[in-house]
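> Below you will find the structure I want to go over with you.
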């Protein structure tokens, strides 16, 4: 007849307690290792991706300035608007190779070559040369505001360059499509995806422009 082994009453609780402690310790160590790996991954992501492609946010208290500082510069051709009087509309039509076109910006003329400056802080998103428009620089100021500078004789910035308000981005020049204006700058302002008359926005704060 086999002898049965009886465990003392306190043995089973002790065994269960040791098992629970071991389980909790395993979970704790595993969690710490996982969190450490996550922190390392996040640190690498922030420094390697977000900061490298960071573009300064436009200060809404900034005021939109004119794209030139020379006081002798005048308007050579107005922005075309359906609401303007006939006289203004006449001065906002471009005639090129037997075709009439509405002017989508304002052309500023000067007897001498003048500096062209950035109207706001931003990032240069495009620099190109076109047969009709001459040298063109496009600057993104935020998702709702873009400025375009055409007919440049010289360009002083590169694509991807972050610039500050008032920084010289080039010099006035000529273009084939508006060659009758001689030395000039064709300037366009795009607000929320729509081309607008820049003359209505100069000297205004961004919080008055961007909705």
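A short reminder: the numbers here are calculations on the coordinates, not readings from a lab. All figures in this text were calculated on a predicted structure; none of them were measured in a lab. Neighbour counts run over all protein chains shown; Cβ positions are idealised from the backbone, glycine included.
> Can you tell me which residues in the range 160-180 are over 13 Å from residue 115 (Cβ atoms) and surrounded by 19 or more Cβ atoms within 10 Å (Cβ to Cβ)?
163, 175, 177, 178
> Here's a follow-up. Can you tell me how many residues in the range 147-181 are touching a strand residue (DSSP E or B) at 6+ places or on another chain (Cβ under 7 Å) and in a loop (DSSP other than H, G, I, E, B)?
12
> Please enumerate the residues belonging to the range 133-146 that are touching a helix residue (DSSP H, G or I) at 6+ places or on another chain (Cβ under 9 Å) and part of a loop (DSSP other than H, G, I, E, B).
Within the range 133-146, 144 is the sole residue that qualifies.
> I'd like to verify a number: residues in the range 91-125 that are free of Cβ contacts under 8 Å to residues at least 40 places away in the same chain, surrounded by 13 or more Cβ atoms within 10 Å (Cβ to Cβ) and assigned to a loop (DSSP other than H, G, I, E, B), how many?
Final tally of qualifying residues: 3.
> Within the range 81-90, identify whether any single residue is in a strand (DSSP E or B) and at negative phi, and answer yes or no.
The answer is no; no qualifying residue exists.
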